[in-house]
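Derivation of every value follows stated rules applied to the coordinates shown; laboratory data play no part. Because the structure is predicted, anything quoted here is derived from the model rather than measured. Cβ sites come from the backbone with ideal geometry, for glycine too, and all protein chains shown count toward neighbours.
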């Protein structure tokens, strides 16, 4: 067997041009397959680490997944509002440690604006319980103060004290701006690798002041505007928010609180445990992931077929080689094994190169992915599942190699020592 | 013939399609140590005869005995092992694996035949000795690729491979027909000398009858093969 492996590798090296193409096509397919898997894991890890320490996310009656997506990941459309009354009632409950009301709906140059309370910077944790940290400045002190995420600051080149104008609605380009009430950047948060990086935070009262002269989502007619200074004197306590996040004093109380909120008769509410809603999200995404994986698997099959056709093409011109081997005592079985080994070696080289390609692509695309989608890459090693997949690719190549090998075997039996041109 | 037969064919028939034998030989034998010239144009059933003697093919009917062993009594893999251990083969051309060095080409039988490997205390030294004896001396040549060799040199490397480990039988299938006249005479000289010193029986097939006088005996395959006569 070792003699055959040596011959197979030298024979391949002799045909390294075509062999390299086979190896490369397998490598690309393997890189794609592993890339899809790792990207999925990255996305899950990234999502799972976006919020930690929050026991419940509460909004008006809607699907748990869309509530979670909107409030935590800041993806998708708003759910209905909840009253400030229920927020305050929950906050007063003895089992509740803290409550963070969240108000969404405005934007700044494509970045979402979140109205909240100063406690957000203390209780909103991410990853394994990391607190938000300020790279510069601090939480909002004035009504028109804003705290921006690291990406907002970096991409838009903002510094402390810069004025920004918020826009009504979530569009990238908005015609309804709050130009009359500009905000000032009071703090810039350190990078978290979560949607916080892409958020502009303002106080609930600031958000209220901005809309003080608006009615039913429409800007005031000219002449009926309230100036920024006049707005300071208005009643700025919000009556409604989009959702709120609850931290409980004990884990045990989470389910009771969840049930109480779901059963609350005052208004229709949905209370979700982030981890549970995430699991639901994975189930929803499972079909799409499955489709991606199926495509990647098909590309692997295509790569192996390419290798197969290269080996089959080479068989004709290698009949002499087989006759020479037979003449020195090689069995037809040896000829068979030689070709199977060849396929195995090609696939093995392809798999190794594919792993390299995948890591190279991840290292190259990682920063972009993180900026664009907030998916933090973790250049971890290969999982046992990856290794099993790679072994599966090599095994499939060995099986595929059995086809040309069987052809060569039969030819070796018929050709004998005669070399037909 | 007093010596025991190295090759013995008895009522042998073989074909690739049913009812159409390519080879039909009543009797053919080569004595041990004998150097036989077998004259046969292409299409005379020559390749089939050599395939049967080398144990690569099994006859449809009849008895093939090589070096005292009845090949019909061996399984396919055992015939391969038998060939690897006791027979050396030289082809007309393209004898060498392009991806192996000169030395590795000569040593190729030792990869497949433990028996032949066992007969060689130092395979490398023996390979070098054979190459030198065949006029391909020089250590620098051993590690070189075979692509740079002339056809005459390639044939000598093939002869060294066939003779490695002193096989009892050497089969040469038109080994000189791609060589020019000078190279042909020189190659034949060296091959015959090495076979004699190794004590190997030589079955040499060629269509070039001018070579025949240098052998112990000459046989016409056309007369031997009744399948051709009938066709």
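Sorted from longest to shortest, the spans of the Cα atoms of chain B along the three principal axes equal 53, 38, 37 Å. Considering only A:192, A:71, A:79, the mean-square fluctuation computed in a Gaussian network model of chain A, springs between alpha carbons under 10 angstrom, is largest for A:79. Listed from fewest to most Cβ neighbours within 10 Å, the set A:197, A:386 follows the order A:386, A:197. With R₀ fixed at 45 Å, the C-beta to C-beta distance from residue A:250 to residue A:21 puts the FRET efficiency at about 0.10. Overall shape of the range A:1-88 was characterised from the C-alpha gyration tensor. The equivalent ellipsoid obtained from it has semi-axes of 57, 13, 8 Å, in decreasing order. Between residue A:298 and residue A:262, the FRET efficiency from the beta-carbon distance, with R0 = 56 Å, is close to 0.80. In this simple spin-label approximation, residue A:75 and residue A:154 carry label points 7 Å from Cα along the Cα→Cβ vector, and these lie 2.0 nm apart. The stretch between residue A:83 and residue A:177 holds 31.3 nm of extra length on full extension. This uses 0.36 nm per residue minus the Cα-Cα distance. Tell me the angle of helix A:332-373 to the major Cα principal axis of chain A, expressed in degrees between 0 and 90 and rounded to the nearest ten. Between helix and principal axis, roughly 20 degrees. Each DSSP beta bridge with both residues in the protein assembly as shown is either parallel or antiparallel, and the antiparallel ones are about 65%. With neighbour counts taken as other beta-carbon atoms within 10 Å, the residues A:298, B:195 rank, fewest first, as A:298, B:195. Using C-alpha pairs under 8 Å with a sequence gap of at least 6, the mean separation divided by the residue count of the range A:56-272 gives a relative contact order of 32 percent. Relative to the longest principal axis of the Cα atoms of chain A, helix A:253-262 runs at roughly 70 degrees.
The mean number of partner chain beta-carbon atoms within 10 angstrom of a residue's beta-carbon across peptide B:70-78 is 1.
Take the Cα of residue B:115, step 7 Å toward its Cβ, do the same at residue B:196, and the gap between the two points is 2.8 nm.
The range B:115-139 and the range B:24-83 have Cα centres spaced 27 Å apart.
Full extension of the segment from residue A:233 to residue A:93, taken as 0.36 nm per residue of separation minus the current Cα-Cα distance, would add 47.3 nm.
Treating each Cα of the range A:29-132 as an identical point scatterer and summing with the Debye formula, the log10 of I(q)/I(0) at q = 0.14, 0.15, 0.17, 0.25 Å⁻¹ comes to -0.66, -0.75, -0.92, -1.52. Over chain A, Cα pairs under 8 Å with separation of 6+ residues give a relative contact order of 26 percent. Expressed as a whole percent, how much of the Cα-Cα distance distribution for the range A:291-330 exceeds 11 Å? So the portion of pairs separated by more than 11 Å is 69 percent. In 10 Å bins starting at 0, how do the alpha-carbon pair distances of the range A:90-207 split up by percent? All Cα pairs, binned at 10 Å, distribute as 14, 47, 30, 8, 1 percent. Modelled spin-label separation between residue B:78 and residue A:133, with each label point placed 7 Å from Cα along the Cα-to-Cβ direction: 7.9 nm.
Output the antiparallel fraction of DSSP beta bridges having both residues in the range A:84-211, as a percent to the nearest 5. Among the beta bridges of the range A:84-211, antiparallel pairing accounts for roughly 65 percent. When DSSP beta bridges are restricted to pairs lying wholly in chain B, around 50% turn out antiparallel. Across the range A:56-272, the volume of the C-alpha convex hull divided among the residues equals 123 Å³ per residue. Once the Cα-Cα distance is subtracted from the 0.36 nm per residue extended length, the residue A:395 to residue A:41 segment shows a gain of 125.0 nm. The calculated FRET efficiency for residue B:151 paired with residue B:60, based on their beta-carbon distance and R0 = 51 Å, is about 0.90.
Computed from Cα atoms, the angle from the helix A:384-415 axis to the main principal axis of chain A rounds to 20 degrees. Building the convex hull from the alpha-carbon atoms of chain A and averaging its projection over directions returns 26.9 nm².
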